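Some notes on the structure that comes next.
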Amino acid sequence: EFPVVMYVRTYTPALPGALEPELAHRTVKSLYDANRHLVLKGDFHLIYLCVPPDSLDNIYIDWLRYFEQFSRFDEMTRLTFEAVGLQEAFLAKRAYSQCSTDQEFPYKRFYLTGAIHSIISGCPTWRVAANFSIPRGTLQSALASCISHANKLANFTREIPEYWALSSIFDVLTQKLFLAGTPELSQILELPGIRHARAKQLHRCGYQSLQKLAAAEPNLLSAEIDHLTVKQAQKIISSAKILLKEKADALTDEVLQLLDLDRVS
């Protein structure tokens, strides 16, 4: 409990990764359990750790459907189900009983994890909402909470010596979750040095692709985007042109390889 005590004593809400003392205790407990049985085959277990407790308040589960889905879980999902201490027997009992219990929390967390994992796997949000019987707005709100919590975990684990190695994993996951929630920004975020806030600015001003950025005029781009100097605009445009050329060269190489294979056959 030492790292938790030290963290709680120095808790400051304004600091990056700051978690309320109660949530800090709960988070370290989850990280401790995960550290012994962390399933790194896929993202499911990591997403489970990033689902904050308050995101479950408006999640209502069809337990019978949940139990029926259990038989269709893939290997990664089953491994995570077992790693976080969940049991099929509880699902069966809950599916055919209307009585709620205080043991439901981790099962609801796992259920929401499944929905978010489906989104980052490429399934449209509206379809995931239908498959999991979760209102689309509730699901989008839960995804936003998950992104925020993943970012906090990245900073939080950096401050705890026992878990510093997890910080880089949560950094990558935060980016992946963000892109799932805002796929329209994916091209812009490929540019070096472009963060989420700047990508949103560019997208709002009509620069929604690398092609549009590469064709932009530095002075006009600087004038349209708040707090962007002409020099910074030139750098963004230059980076977009370089990235487009790299993509074009990669496609050309792929075409040539396919033509060579065709000649051989």
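The values are calculated or read from the model by the stated rules, or taken from the named source; none is laboratory data. All of these numbers come straight from a predicted model, not from anything done at the bench. Because the Cβ atoms are built from the backbone with ideal geometry, glycine has one as well, and the counts that use them run over all protein chains shown. With ligands, DNA and RNA removed, areas are computed over all heavy atoms of the protein, side chains included. Shrake-Rupley method; radii C 1.70, N 1.55, O 1.52, S 1.80 Å.
Specify the residue that is most open to solvent (accessible area, probe 1.4 Å); the eligible residues are those in the stretch 84-104 that are farther than 24 Å from Gly42 by Cα and in a helix (DSSP H, G or I). Within the stretch 84-104, the match that is most open to solvent (accessible area, probe 1.4 Å) is Lys93. When you check Lys231 against the structure, is it of a type in the set (D, E, K, R), open to solvent by 80 Å² or more (accessible area, probe 1.4 Å), closer than 29 Å to Ile147 by Cβ and assigned to a helix (DSSP H, G or I), yes or no? For Lys231, the condition - of a type in the set (D, E, K, R), open to solvent by 80 Å² or more (accessible area, probe 1.4 Å), closer than 29 Å to Ile147 by Cβ and assigned to a helix (DSSP H, G or I) - is not met. Criterion applied to Leu221, Leu185, Leu261 was being of a type outside the set (Phe, Trp, Tyr), out of contact with any strand residue (DSSP E or B) (no Cβ under 6 Å at 6 or more places or on another chain), more than 30 Å from His45 (Cβ to Cβ) and surrounded by 15 or more Cβ atoms within 10 Å (Cβ to Cβ), and the one residue passing it is Leu221. Scanning the stretch 40-67 for residues that are touching a residue at least 24 places away in the same chain (Cβ under 8 Å) and of a type in the set (Asp, Glu) yields Asp43, Asp54, Asp62. Of the candidates Phe81, Phe132, the single residue that is open to solvent by 10 Å² or more (accessible area, probe 1.4 Å), under 22 Å from Ile59 (Cα atoms) and touching a residue at least 12 places away in the same chain (Cβ under 8 Å) is Phe132. Per this entry, Gln208 is not counted among residues that are in a helix (DSSP H, G or I) and open to solvent by 50 Å² or more (accessible area, probe 1.4 Å).
Among the residues of the stretch 82-95, some residue qualifies, meaning at least one is within 21 Å of Phe170 (Cβ to Cβ) and of a type in the set (A, V, I, L, M).
Screening the candidates Gln211, Gln257 for the property of being more than 28 Å from His117 (Cβ to Cβ) and touching a residue at least 24 places away in the same chain (Cβ under 8 Å) yields one hit, Gln211.
Restricting the first member to the stretch 141-154 and to residues that are of a type in the set (S, T, N, Q), and the second to residues that are modelled with pLDDT under 90 and part of a helix (DSSP H, G or I), the beta-carbon pairs closer than 6 Å and six or more apart or on different chains are Ser145/Ser55; Asn151/Thr174.
Per-residue answers, yes or no, for (1) under 19 Å from the mean Cα position of the chain (by Cα); (2) not hydrophobic (A, V, I, L, M, F, W, C):
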{"position": "Gln175", "(1), (2)": "yes, yes"}
{"position": "Gln187", "(1), (2)": "yes, yes"}
{"position": "Pro192", "(1), (2)": "no, yes"}
{"position": "Ser209", "(1), (2)": "no, yes"}
{"position": "Thr229", "(1), (2)": "no, yes"}
{"position": "Ile237", "(1), (2)": "no, no"}
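Kindly establish whether Ser145 is in contact with a Pro (Cβ under 8 Å, 6 or more places away or on another chain), in a helix (DSSP H, G or I), within 30 Å of Tyr32 (Cα to Cα) and small (Gly, Ala, Ser). Judged against the criteria, Ser145 is a match. Is there a residue being out of contact with any Asp or Glu (no Cβ under 6 Å at 6 or more places or on another chain), closer than 30 Å to Gln234 by Cα and β-branched (Val, Ile, Thr) anywhere in the stretch 184-201? Checked against the condition, which is being out of contact with any Asp or Glu (no Cβ under 6 Å at 6 or more places or on another chain), closer than 30 Å to Gln234 by Cα and β-branched (Val, Ile, Thr), the stretch 184-201 yields at least one hit. Only residues that are under 16 Å from Lys200 (Cα atoms) and of a type in the set (Val, Ile, Thr) were counted in the stretch 217-236, giving 2. Restricting attention to the stretch 156-175, the residues that are open to solvent by 40 Å² or more (accessible area, probe 1.4 Å) and farther than 19 Å from Gln208 by Cα total 10.
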